[in-house]
1. Taking B:ALA146, is it of a type in the set (Gly, Ala, Ser), more than 9 Å from chain A (Cβ to nearest Cβ) and free of Cβ contacts under 8 Å to residues at least 24 places away in the same chain?
2. Quickly run through segment A:23-33 and pick out the residues that are buried (at least 22 other Cβ atoms within 10 Å of the Cβ) and farther than 12 Å from B:ASN237 by Cα.
3. Where in segment A:42-136 are the helices (runs of 4 or more DSSP H), entirely inside, with at least 3 residues that are closer than 30 Å to B:PRO77 by Cβ and more than 19 Å from the chain's Cα centre (by Cα)?
4. Cβ-Cβ below 8 Å, separation at least six or inter-chain, first residue in segment A:166-177 and open to solvent by 30 Å² or more (accessible area, probe 1.4 Å), second at pLDDT 95 or above and assigned to a helix (DSSP H, G or I): which pairs?
5. Look at B:ASP196 and say whether it is open to solvent by 10 Å² or more (accessible area, probe 1.4 Å), more than 7 Å from chain A (Cβ to nearest Cβ) and modelled with pLDDT under 95.
6. Condition (residue is away from every other protein chain (no Cβ under 14 Å), within 19 Å of the chain's Cα centre (by Cα) and surrounded by 15 or more Cβ atoms within 10 Å (Cβ to Cβ)) applied to segment A:188-199: is it met by at least one residue?
7. Please specify each residue of segment A:205-244 satisfying the condition of being closer than 18 Å to A:ALA120 by Cα, open to solvent by 20 Å² or more (accessible area, probe 1.4 Å) and either under 17 Å from the mean Cα position of the chain (by Cα) or in contact (Cβ under 8 Å) with a residue 24 or more places away in the chain (or both).
8. Of these, B:ILE45, B:ILE52, which one is surrounded by fewer than 20 Cβ atoms within 10 Å (Cβ to Cβ) and β-branched (Val, Ile, Thr)?
Amino acid sequence: MEDAGVRGQHPGMARTVGRVLQSSLGLKFVMALSGAGLVGFVVGHLVGNLLVFKGSNGDAINAYAQGLKDLGAGLWVMRGGVLACAVAHVAAAGLLTRRSRAARPQGYAIDKAIAATYAARTMRVSGVLVLLYVIYHLVHFTFGGADPAAFHQMLPDGRHDVYNMVVVGFQHPLVAGVYLVAQVLLGVHLSHGIQSAFQSLGLVTEPYRRLTQWGGRALAAVLVVGFVAIPLAVQLGVLLPIQR
Amino acid sequence: MNLTLKVWRQKNAHATGALQSIAAPDVSPDMSFLEMLDVVNERLIGQGEEPIAFDHDCREGICGACSLVIDGVPHGPERGTTTCQLHMRHYQDGAVVTVEPFRAAAFPVLRDLVVDRGAFDRIQAAGGFVSVRTGGAPDANALPIAKSAADLAMDAASCIGCGACVAACKNAAAMLFVGAKVSQFAHLPQGQPERDRRVLQMVAQMDREGFGACTNLYECEAVCPKEIAVRVIAELNRDYRGALLRNED
């Protein structure tokens, strides 16, 4: 970069960024790193959500929700980080998909997969469906647009009653069903995605690649079981609304 | 035995092709797949028809010239085998066998089953080599190389550049090929001076040729006639990441 000195940058910084954004490998790094950020968020989200089972009057999850709100600017930094990861993940996926479609303009009369798993072959479909679910989920429990009656559950002191919001929300069998299906889709996506991130970043070779494969699937399974437990517990009557 | 072939026929690079049914009578189970095509072609020529165009050279599984997607799998159903080493004893009498060319924008069909794999040559020319001064040969063993490193390099170097990895990939990605060509030098001292440059330039050329992006499906590994492992893709990713961070020319 001849003009790098003028702009006061490290020579070639722009070149590195250009290589990341223009090369197929660089975009895969973006996919892997943003995916890792999103997995980190999902793990934290699950730990918080499971507080719904703690205590008898929903105090634990309501205190956790209040704690998050009390972070103030810190909460917005975290939300910004998750949003940035999501945008980067979807944008890189879009660019890579376009390239890959263009790379095979004419398909085969007989197309046989002999090694690829079902999850690996359906990443684009599961990814889009999970994105649609996330939008619904945000409208449902963050913006309060999908089910205002459930969303506007309040505690006597005027704070948001997250416990009752979740339990009342999941009492609709259809809503609970949507969440169940979405968690399984997320699990399918991650069962390939986690090990794929390790491979794309070149972090492991044999024999540890197998470990990331099974470890990724195990983490995906734990996440599915954890998330599914909540709507299931509501539907089975384990978690009941609390009269305030 | 008697087979029915469904073969992709295409007059030239610009024509639109289609699958054509061609009878293959009196096939011996001892024939290779290519020998079977030879016999079919002799019949076609005898009938005054155009023979099926296909690539072949050494016919002993080491040159990388033969190709073909047979019933949806590059180089056919046998693992670790090139089309020329696939024998007709694996087929049943009366079988219908579909034969298509390798499909990728970077491998345009020239005629029937022949595709232009020049993209691989251009990727190699971009960096898949070690620059050495010619002169006296260095003493044997002057440069110690660990057995484990030599094994990894040799396994990668067994790539014959046939392009089956691209043909099998849902994304028509060339990662297994480029990974093998990068890995074969990355484990050896001779490969170190140009290591960053090599990976940056080969990947840039790979992208320019219009190959797709890897989604880690590992179909390539399953069809590779030399059974190159996808660890070379991890190594390619690792070397590219390192080269980006070191940011040298």
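The values are calculated or read from the model by the stated rules, or taken from the named source; none is laboratory data. Just so you know, these numbers come straight off a predicted model, no measurement behind them. Neighbour counts are summed over all protein chains in view; Cβ atoms, including those assigned to glycine, are modelled from backbone coordinates with ideal geometry. These area figures cover heavy atoms from the full protein model, side chains too; ligands, DNA and RNA do not enter into them. Shrake-Rupley method; radii C 1.70, N 1.55, O 1.52, S 1.80 Å.
1. Yes: the conditions hold for B:ALA146.
2. The one that is buried (at least 22 other Cβ atoms within 10 Å of the Cβ) and farther than 12 Å from B:ASN237 by Cα: A:MET31.
3. Values: elements: A:59-70, A:73-103, A:118-121.
The helices (runs of 4 or more DSSP H) meeting that bar are A:73-103.
4. A:GLN171/A:VAL234; A:GLN171/A:GLN235; A:PRO173/A:GLN235
5. On the way: open to solvent by 10 Å² or more (accessible area, probe 1.4 Å): yes; more than 7 Å from chain A (Cβ to nearest Cβ): yes; modelled with pLDDT under 95: no.
Judged against the criteria, B:ASP196 is not a match.
6. Taking segment A:188-199 and keeping what is away from every other protein chain (no Cβ under 14 Å), we get A:188.
Filter once more, keeping what is within 19 Å of the chain's Cα centre (by Cα): A:188.
Remaining after also requiring surrounded by 15 or more Cβ atoms within 10 Å (Cβ to Cβ): A:188.
The answer is yes, given that some residue of segment A:188-199 is away from every other protein chain (no Cβ under 14 Å), within 19 Å of the chain's Cα centre (by Cα) and surrounded by 15 or more Cβ atoms within 10 Å (Cβ to Cβ).
7. Residues satisfying the conditions are A:ARG217, A:ALA218, A:LEU219, A:ALA221, A:VAL224.
8. On the way: B:ILE52 fails: surrounded by fewer than 20 Cβ atoms within 10 Å (Cβ to Cβ).
None of the other options fit; the residue is B:ILE45.
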